[in-house]
Amino acid sequence: MDSGGTTRPGGRAARVREAVRQATIAELGEKGFDGLTVEGVAARAGVHKTTVYRRWGGVEGLAADALDLAGGEPWPVPDTGSIQGDLRALARLVVAGFADPELGPVSTAFIAAAMRNAPTARALHAFFAGRHEQSAVLVTRAVERGELPAGTDPAEVVRIAVAPLYYRLFVSGEPVDEAIADRAADAALAAARAGILRASRAPGDPA
């Protein structure tokens, strides 16, 4: 802290937050949300548990903060040269992420946490909003290339492309693979090409 009481960029507070965030992610990956404890995170991060309680309040605050920071990380947005290739690659990234032995359990734990408490639910909503915003360039490029109608809603196209995957993963429990990812992406593309996913009518379009 400086003399004015503000936190120096890269100072101790920032280092503690990053250590706790990494510890939270590691604990979620190993134990899931049900096994997440302040004591476990504090021990792994090398800080006193009173510090964690004072700043994060409890496991809900830990999960929400870890998600908040994760939302600022860059998303590897595909650029294959075509909207079909881009959407398929994006959907496959989702499948690969949940299949990853390290990342998959963490992502699943975050969603489980969001179903149980409001702070994590809000953080998850913001996380997905950020991902959709980053992925919007796929649709913007496609409109500029003439592959999609003007006025197509970028975020809605992305949602439609990945929503069936989350349904299978967390609602129906059905298997998910690259073929399913491609089918979901192609369905979103067909809807977008048909003009169903427009945010608004382009000038001169019929009502």
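The set of residues in the range 173-186 being under 21 Å from the mean Cα position of the chain (by Cα), more than 14 Å from residue 148 (Cβ to Cβ), among the aliphatic types (A, V, I, L, M) and assigned to a helix (DSSP H, G or I) consists of 180, 181, 184.
Out of everything in the range 129-153 that is among the charged types (D, E, K, R) and open to solvent by less than 60 Å² (accessible area, probe 1.4 Å), what residue ends up being nearest to residue 190 (Cα to Cα)? Among those that are among the charged types (D, E, K, R) and open to solvent by less than 60 Å² (accessible area, probe 1.4 Å), it is 147.
Here 69, 87 are screened, and the one residue that is at negative phi and crowded, with 21+ Cβ neighbours inside 10 Å is 87.
Of 26, 63, all but one fail to be touching a residue at least 24 places away in the same chain (Cβ under 8 Å) and among the aliphatic types (A, V, I, L, M); the exception is 63. Of the residues making up the range 90-103, those that are buried (at least 16 other Cβ atoms within 10 Å of the Cβ) and either aliphatic (A, V, I, L, M) or more than 12 Å from the chain's Cα centre (by Cα) (or both) are 90, 91, 92, 93, 94, 95. Would you say residue 74 is on the phi < 0 side of the Ramachandran plot, open to solvent by 80 Å² or more (accessible area, probe 1.4 Å) and in contact with a helix residue (DSSP H, G or I) (Cβ under 8 Å, 6 or more places away or on another chain)? Taking the combined requirement at face value, the residue satisfies it. A residue that is at pLDDT below 95, open to solvent by 70 Å² or more (accessible area, probe 1.4 Å) and of a type in the set (Ser, Thr, Tyr) can be found somewhere in the range 7-25.
I'd like to verify a number: residues in the range 36-66 that are of a type outside the set (A, V, I, L, M) and either open to solvent by 40 Å² or more (accessible area, probe 1.4 Å) or touching a strand residue (DSSP E or B) at 6+ places or on another chain (Cβ under 6 Å) (or both), how many? Here the count works out to 12. All but one of (1) in contact with a Ser or Thr (Cβ under 8 Å, 6 or more places away or on another chain); (2) small (Gly, Ala, Ser); (3) under 25 Å from residue 108 (Cβ atoms) hold for residue 163, so report the exception by its number. So the condition that residue 163 fails would be (1).
Among the numbered conditions (1) in contact with an Asp or Glu (Cβ under 8 Å, 6 or more places away or on another chain); (2) surrounded by 16 or more Cβ atoms within 10 Å (Cβ to Cβ), the only one that residue 126 does not meet is (2).
The values are calculated or read from the model by the stated rules, or taken from the named source; none is laboratory data. Predicted model, so just to flag it, every value in this text is computed and none were measured. With ideal geometry, Cβ positions are generated from the backbone for all residues, glycine too; neighbour counts draw on all protein chains shown. Heavy atoms of the whole protein, side chains included, go into the accessibility calculation; ligands, DNA and RNA do not. Shrake-Rupley method; radii C 1.70, N 1.55, O 1.52, S 1.80 Å.
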